[in-house]
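Okay, so here's the structure we're looking at.
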C-alpha cells in the first residue's frame with residue numbers, strides 16, 4: 001500500500017486506501033460502500049483530523065466552477081477546487097472573494113471545514129463567504145444547507161469533516177479589487193502597548209506581524225492595502241515609516257533563509273487581490289515546506305497581554321522556531337470556529353521539524369495563554385487535554401455533537417480525532 005504523508009511530511013496517514021471519485025455518482029457510491037471514510041483535502045493539516053482506519057476520499061478531480069451568478073453575487077464550486085485556481089477565475093470575471101489565507105494552495109472545502117482564515121480587522125474567516133453547502137451523507141443522501149434558511153447551517157459549515165463529504169459550496173463574491181503590499185522591518189513589541197495594537201492592526205485591509213522571538217520586536221510587518229489608484233510614488237513616500245518600522249528596501253520572505261521568490265509581490269506594487277492577499281505564490285512551494293505548525297486564538301481584547309506572555313518564553317521558543325505570525329480575524333457565527341462570537345487574534349507558530357522538542361514546549365505556551373482562554377486551531381498541533389479543548393469550544397459543543405449524530409448516526413465519518421476532542 002502506498003504510504004501517504006501530509007504536505008509537510010510530519011504526519012503519515014493510516015488509511016487503507018485513497019479513493020478519487022470523478023463524479024457525484026461515484027462519491028455517493030464510494031460513501032455508501034465504505035464502513036469508515038474521511039475526506040482528504042490538500043493535505044495541509046498537521047494532525048490526524050483527516051485520517052481514518054478506513055478509506056480516504058479525495059475531491060481532487062472535482063474542482064470545477066459550476067456557476068457564477070453575477071446578479072446574486074455568488075459563485076458555486078466543487079469542493080476540490082483550490083483557492084489559487086478559483087481566485088484566478090474570479091478575477092478574470094471581475095469578481096473577488098473578501099479574503100484569502102496565506103496559502104493559495106489549499107482546497108476550498110478543506111479550508112472552510114477547519115475554520116481556516118486570512119487576516120484583517122473587518123475580515124471574517126473564509127467560512128463566512130459560504131452561502132450554501134452541499135453534503136453527501138453516510139447513506140448517500142445529498143443534503144443542501146443554506147444561510148438564513150436552515151437552522152443547522154452555522155453548525156455544518158465548520159463541520160470538521162464529520163457530517164459528510166462537502167461536494168459543492170456557494171460563496172459570496174464582491175467586485176474585484178487591487179491590493180498593494182509593503183513590508184516593514186523591525187517593529188518594537190512596545191509599539192503595541194496602550195492601544196497601539198488596535199491602531200496598527202486596523203491601519204490597512206490586512207496586517208500581519210512576523211517575529212522569530214529572538215528579541216522583543218517583530219522582524220517584519222506585512223501591510224496589504226486596498227489600492228485606490230493614487231499616485232504610486234507619492235504613496236510609497238508617505239508609507240516609508242509604519243509606527244516606527246521602516247519600509248523594506250527589497251522583497252522579504254517571512255522565514256529566515258528562504259527565497260523571497262516564493263512570496264507574493266511586495267514593494268508597494270499594486271496588483272490583483274488574489275496575487276497579494278496570500279503571502280505565497282501559487283506556483284511555488286509555500287512557506288518552509290518541511291515544518292510543523294501550531295496556532296492559538298485569543299480574544300482581541302487580550303492581544304497585547306497574550307503577546308507579552310509569549311515574549312516571556314522567547315528563549316525557549318526561538319531555537320525551535322522558523323517564524324511566528326500574528327493576525328486579526330473578525331468574529332463569526334460558526335459553532336466550531338475559534339472566532340465564534342468573538343473578534344480574535346491568531347498567534348501562529350511555524351516550527352522546525354523537531355517534534356519531540358516542540359511537543360515539550362507546547363504545554364508551556366498553552367499554560368502561558370490559558371488566562372486568555374486561547375483556542376487551538378483544529379488542523380494544527382497542540383497538546384491540550386480533550387476536556388480543556390471541549391471547554392474552550394463549549395458554547396455550542398453539545399449542539400454540534402447532536403448535529404454529527406443526526407447526519408452520521410453510525411459514525412461512518414468519525415475518526416480518532418473526533419472521538420477524542422468532540423465525543424470523549
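Every number here is computed from the coordinates shown, using simple stated rules; none is lab data. Because the structure is predicted, anything quoted here is derived from the model rather than measured. Backbone-built Cβ (ideal geometry, glycine too); neighbour counts: all protein chains shown.
Which whole-number percent is the relative contact order of segment 178-383 (Cα, under 8 Å, 6+ apart)? It would help to have the intermediate numbers written out before the result.
Details: 387 pairs, mean separation 47.6, N = 206.
Relative contact order of segment 178-383: 23 percent.
Classify segment 178-383 from the C-alpha gyration tensor, please: rounded if a/c falls under 1.5, else prolate or oblate depending on whether a/b exceeds b/c.
Prolate, because a/c is 1.5 or more and a/b exceeds b/c.
For a quick check: sort 337, 309 by the number of other beta carbons within 10 angstrom, fewest at the front.
Taking fewest neighbouring Cβ atoms as first place, the list is 309, 337.
For helix 355-369, what angle does its Cα long axis make with the longest principal axis of the chain, in degrees from 0 to 90 and rounded to 10?
For helix 355-369, the angle is close to 70 degrees.
Could you bin all the Cα-Cα distances of segment 73-145 into 10 Å bins starting at 0 and give me the percent of pairs in each, rounded to whole numbers?
All Cα pairs, binned at 10 Å, distribute as 17, 52, 25, 6, 0 percent.
Give me the percent relative contact order of segment 323-424, please, defined on Cα pairs under 8 angstrom at least 6 residues apart.
Relative CO of segment 323-424 lands at 23 percent.
On C-alpha positions alone, give me the angle between the axis of helix 24-33 and the longest principal axis of the chain, in degrees, nearest 10.
60
Take every Cα pair under 8 Å in the chain that's 6+ residues apart, average their separations, divide by the length, and report that relative contact order as a whole percent.
18
How tilted is helix 397-407 with respect to the longest principal axis of the chain? Cα atoms for both, answer in degrees (0 to 90, nearest 10).
Tilt relative to the chain: about 40 degrees.
Counting only DSSP beta bridges with both residues in the chain, tell me the antiparallel percent, nearest 5.
Numbers: 66 of 75 bridges.
Of those bridges, close to 90 percent are antiparallel.
Please say if segment 275-360 is rounded, prolate or oblate, where rounded means a/c under 1.5 for a ≥ b ≥ c the square roots of the C-alpha gyration tensor eigenvalues, and otherwise the choice is prolate for a/b larger than b/c and oblate otherwise?
oblate
For the chain, what size does the Cα cloud have along each of its three principal axes, sorted from largest down, in whole Å?
61, 50, 41
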